[in-house]
1. Just to be sure before I move on: is Val193 over 14 Å from Met134 (Cβ atoms) and free of Cβ contacts under 8 Å to residues at least 60 places away in the same chain in the structure I sent?
2. Within region 375-391, track down each residue that is open to solvent by 100 Å² or more (accessible area, probe 1.4 Å) and either touching a helix residue (DSSP H, G or I) at 6+ places or on another chain (Cβ under 6 Å) or at pLDDT 75 or above (or both).
3. Can you name the helices (runs of 4 or more DSSP H) wholly within region 168-229 that have at least 3 residues being modelled with pLDDT of 90 or more?
4. Go through region 436-470 and report how many residues are of a type in the set (Gly, Ala, Ser) and either surrounded by fewer than 13 Cβ atoms within 10 Å (Cβ to Cβ) or in contact with a Gly (Cβ under 7 Å, 6 or more places away or on another chain) (or both).
5. Can you tell me how many residues within region 6-37 are among the aromatic types (Phe, Trp, Tyr) and at pLDDT 70 or above?
6. Determine whether Asp430 is within 17 Å of Phe408 (Cα to Cα), acidic (Asp, Glu), open to solvent by less than 80 Å² (accessible area, probe 1.4 Å) and without any contact (Cβ under 8 Å) to a residue 40 or more places away in the chain.
Amino acid sequence: SWVYARWEVTGAALSINSCSNQEILRTVRSLVCALAWLIPALTYRWVRKLEHEEGPLGGDLRIALLLHYAVSAIGIGIGLFIPVYRSDMLWPFTPTPLQVSIGRYLFWILVLGVKTWLSYHGLIKQIYQVIVTMKLSRIMREASLSVTEFVLNPSWTRDVLEESTLWAVTLFLFLADTQFWFTIGCTVLGVFVHIAQRSCEVCSFLTEDAVAAIPARFRRKVLSYVNIRDDGKDSMPMPFIEVWDRIIEWLRYEGKITNRELGDLTFGSAVDSEIEWATLHRTIITNQDAYQKKSIKYRRPAIFRPTRSAESCLRKYCPVGEIVGWPQNLEARWRISALARGLALPVPRPYRVPYIPSITVLIPHYGESILAVKENELLARPQKGSRVDPSPLLSWLADRYHDEFDNFMERMDNKPHDSQQHAWPRAGTDWELYIFDDHWDKISLWASMRLQTLWRTVTGMMQYHYALQCHFEAQGDSSGKLGLTWSP
């Protein structure tokens, strides 16, 4: 198909001029290869013919079956291992090590093998029994002469249509669950890869309190350039305390945690509960003496207090109630747990800012608007049905993320406003009381972060330089000329 498409695109005149011997031979080879894909169908038809003439125990039938299985296996192997001819490739394959290629093929052989085996016993065999029970004419087992005799018979035509419909549905179901089995295979493979990356320490993976180990692992694997002054067993470097508090402040700014949870999860007592945009970009304190001069006390959050293996297992695998110090929001829990799991892996040593390679991010997207606006999306109501009065999209969003919406309203209500901004109304989900444009600007931003994946992607990309700046302030090298002119 690719050869024919390329022949058509080049145009008739150019095609005639380019009819060299090499081009003709390549076209003939492509036609021969296309006809070769019909060999499994021909051998199958041969098998059915011999079965009808010699019975199920004929000697020639066994030879035909072996030939059919061999041809089918060769076709499957060519489709898996040689997906495209070298002369038809637009660009060469990405080079991969031999062990990686072997692992990939073994993965697909196992996934497709398990899928085919279960589909045969759970689907194909059952459909065949249904066809036998219904006493339908099995066209694939009919001899060629029988087909020509009964082709105009109404009963035979009806049976063929019913059998074709059943096998068409079976084929659709067989192909439709491929993604399901691929997901299961990736999940199982990911578990083994994760265990292998942890040096096969399964017991520690199942029983350790990875969250309590975040401070030690973070300062060892991420803050590897910080000079740690050990003042005791419970001491922590100031860069980690400041970076962790900055992480929790971002969670509060995004509405993932409450003010109470902000105090439970942070180290510093000077953390302001009214998180503003400027608060997230203040310079972090990395000097212990400067921290003490401000008379700021810090305490270890409850989630960083070590627990025994039995208590850790109960927290992970048993419903033992709410864990002290943990946020209620599921996404906030997932972020902290993902950080703990990532730090348990062999993390490569990071670059030291400003000696860090540049990064370019390209996000292709269509020309649609990614900012949810008031009239067109947030307050747009579908057509009123006969039974249910439809609510606007914003009401569903506030109910779906009710805890984040409550945190957002709490932060907006406590936010100080100047003469250019209007006071935030205590109206809840009564959207008609939000009458000013600055109110809807903030609501639109909040809704877009939960409606548009592209909006979250662009936001994360634009905030990447704040993470680099924080990395520079925590352990950057500011003594060189590049450090003096550093700007993310």
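1. Working: over 14 Å from Met134 (Cβ atoms): yes; free of Cβ contacts under 8 Å to residues at least 60 places away in the same chain: yes.
Yes: the conditions hold for Val193.
2. Matches in region 375-391: Glu375, Asn376.
3. Numbers: elements: 178-197, 202-207, 214-221.
Helices (runs of 4 or more DSSP H) meeting the threshold: 178-197, 214-221.
4. Narrowing region 436-470 to residues of a type in the set (Gly, Ala, Ser): 444, 447-448, 460, 467.
Then keep just the ones that are either surrounded by fewer than 13 Cβ atoms within 10 Å (Cβ to Cβ) or in contact with a Gly (Cβ under 7 Å, 6 or more places away or on another chain) (or both); that gives 460.
Going through region 436-470 one residue at a time, the tally reaches 1.
5. To start, the set of residues in region 6-37 that are among the aromatic types (Phe, Trp, Tyr) comprises 7, 37.
Subsequent filtering for residues that are at pLDDT 70 or above retains 37.
Matching residues across region 6-37 total 1.
6. On the way: within 17 Å of Phe408 (Cα to Cα): yes; acidic (Asp, Glu): yes; open to solvent by less than 80 Å² (accessible area, probe 1.4 Å): yes; without any contact (Cβ under 8 Å) to a residue 40 or more places away in the chain: yes.
Yes: the conditions hold for Asp430.
Every residue, every condition in (1) of a type in the set (Gly, Ala, Ser); (2) in contact (Cβ under 8 Å) with a residue 40 or more places away in the chain; (3) on the phi > 0 side of the Ramachandran plot, yes or no:
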{"position": "Ala302", "(1), (2), (3)": "yes, no, no"}
{"position": "Thr307", "(1), (2), (3)": "no, yes, no"}
{"position": "Gly325", "(1), (2), (3)": "yes, yes, yes"}
{"position": "Trp334", "(1), (2), (3)": "no, no, no"}
{"position": "Ser337", "(1), (2), (3)": "yes, yes, no"}
{"position": "Leu343", "(1), (2), (3)": "no, yes, no"}
{"position": "Pro350", "(1), (2), (3)": "no, yes, no"}
{"position": "Pro357", "(1), (2), (3)": "no, no, no"}
{"position": "Thr360", "(1), (2), (3)": "no, no, no"}
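The rows are residues; the columns are (1) at pLDDT below 85; (2) open to solvent by 60 Å² or more (accessible area, probe 1.4 Å).
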| position | (1), (2) |
| --- | --- |
| Ile336 | no, no |
| Gly342 | no, no |
| Leu362 | yes, yes |
| Val373 | yes, no |
| Ser395 | no, no |
| Phe408 | no, no |
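The values are calculated or read from the model by the stated rules, or taken from the named source; none is laboratory data. Note that the structure is a prediction, hence the values are computed from the model and not measured. So basically every Cβ, Gly included, is an ideal-geometry build from the backbone, and we count neighbours across all protein chains shown. Surface accessibility is based on the protein's heavy atoms, side chains included, excluding ligands, DNA and RNA. Shrake-Rupley method; radii C 1.70, N 1.55, O 1.52, S 1.80 Å.
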